[in-house]
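Visitor: Mind looking over this structure? Questions follow.
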Amino acid sequence: MSQVILGVDPGSRNTGFGIIHGAGDNLRHLASGRINAGSRAALEIRLRQIYDGLTGLIQQHQPQALALEEIFLAANVRSAFILGQVQGVVLLAAANSSLPVFQYAATTVKKAVVGYGQATKSQVQMMIEQLLGLKITNEHAADALAVSVCHHFHSRWPR
């Protein structure tokens, strides 16, 4: 199955995105980076920037799926609450574009990309660079690309 996948690493300051085209064993990098909402603006302004950025990416690349890492339990309740609001904006952008959403636990993403569910961020980034044949300088983009690659691997086999 050939598909374009938008992977998202949600964050209230930096939301990473990674867009790949997957066809069988072939993966091709289309775009990656981060939507920098900063930290000075009010949360509602940052959420709108994230929504607008994702909507633009969806319109430009026409993905068939959006892959998102599930929210983990954070030690800071306020941070977890804000991250939930960012995730809500990501889900809204997908829903407004009739884009199906697939969520994966962090351990599932790491296992799909590295083969080990407790892999470090640097191990994940190194493997993504090898799989896609590029150098990634942004950790948010690397995480988002990992989620999109994870979805490609998981979508190849029926659940």
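Visitor: Restricting attention to the range 12-30, does a residue exist that is of a type in the set (A, V, I, L, M, F, W, C), touching a Phe, Trp or Tyr at 6+ places or on another chain (Cβ under 9 Å) and modelled with pLDDT of 95 or more? Please lay out each step first, then the result.
Guide: Here is the first cut: in the range 12-30, the ones of a type in the set (A, V, I, L, M, F, W, C) are 17, 19-20, 23, 27, 30.
Subsequent filtering for residues that are touching a Phe, Trp or Tyr at 6+ places or on another chain (Cβ under 9 Å) retains none.
No, the range 12-30 contains no residue that is of a type in the set (A, V, I, L, M, F, W, C), touching a Phe, Trp or Tyr at 6+ places or on another chain (Cβ under 9 Å) and modelled with pLDDT of 95 or more.
Visitor: Residue check: is ALA144 buried (at least 16 other Cβ atoms within 10 Å of the Cβ), out of contact with any helix residue (DSSP H, G or I) (no Cβ under 9 Å at 6 or more places or on another chain) and of a type in the set (A, V, I, L, M)?
Guide: Judged against the criteria, ALA144 is a match.
Visitor: Starting from the range 43-61, take each residue that is closer than 12 Å to SER97 by Cα and list its partners that are among the hydroxyl-bearing types (Ser, Thr, Tyr) and modelled with pLDDT of 95 or more, counting only C-beta distances under 6 angstrom and pairs at least six apart or across chains.
Guide: Final answer for the pair search is ILE58/SER97.
Visitor: How about the range 92-131: which of its residues are farther than 26 Å from ARG28 by Cβ, of a type in the set (A, V, I, L, M, F, W, C) and without any contact (Cβ under 8 Å) to a residue 12 or more places away in the chain?
Guide: ALA95
Visitor: Could I ask something else about it? Within the range 1-106, which strands (runs of 3 or more DSSP E) (wholly inside it) include 3 or more residues that are among the small types (Gly, Ala, Ser)?
Guide: Correct list: 14-23, 26-36.
Visitor: Just need a number here: residues in the range 88-105 that are touching a strand residue (DSSP E or B) at 6+ places or on another chain (Cβ under 7 Å) and closer than 14 Å to GLY11 by Cβ. Give the steps one after another, and end with the answer.
Guide: First, pick out the residues of the range 88-105 that are touching a strand residue (DSSP E or B) at 6+ places or on another chain (Cβ under 7 Å): 90-91, 94, 99-104.
Next cut, closer than 14 Å to GLY11 by Cβ only: 90.
Matching residues across the range 88-105 total 1.
Visitor: Sticking with this one: Any idea which residue in the range 9-23 is surrounded by the fewest Cβ atoms within 10 Å (Cβ to Cβ), counting only those that are in contact with a strand residue (DSSP E or B) (Cβ under 8 Å, 6 or more places away or on another chain) and farther than 14 Å from GLU139 by Cβ?
Guide: ALA23
Visitor: Continuing with this model, one more query. Could you check how many residues of the range 66-80 are surrounded by 11 or more Cβ atoms within 10 Å (Cβ to Cβ) and either farther than 18 Å from ALA142 by Cα or modelled with pLDDT under 85 (or both)?
Guide: Residues flagged as surrounded by 11 or more Cβ atoms within 10 Å (Cβ to Cβ) and either farther than 18 Å from ALA142 by Cα or modelled with pLDDT under 85 (or both) within the range 66-80 amount to 4.
Visitor: Being β-branched (Val, Ile, Thr), surrounded by 14 or more Cβ atoms within 10 Å (Cβ to Cβ) and outside any helix (DSSP H, G or I) narrows it down to one residue among ILE128, ILE136; which is it?
Guide: ILE136
The values are calculated or read from the model by the stated rules, or taken from the named source; none is laboratory data. Fair warning: this is a prediction, and the values are worked out from it, not measured in the lab. All Cβ positions, glycine included, derive from the backbone under ideal geometry; neighbour counts span all protein chains shown.
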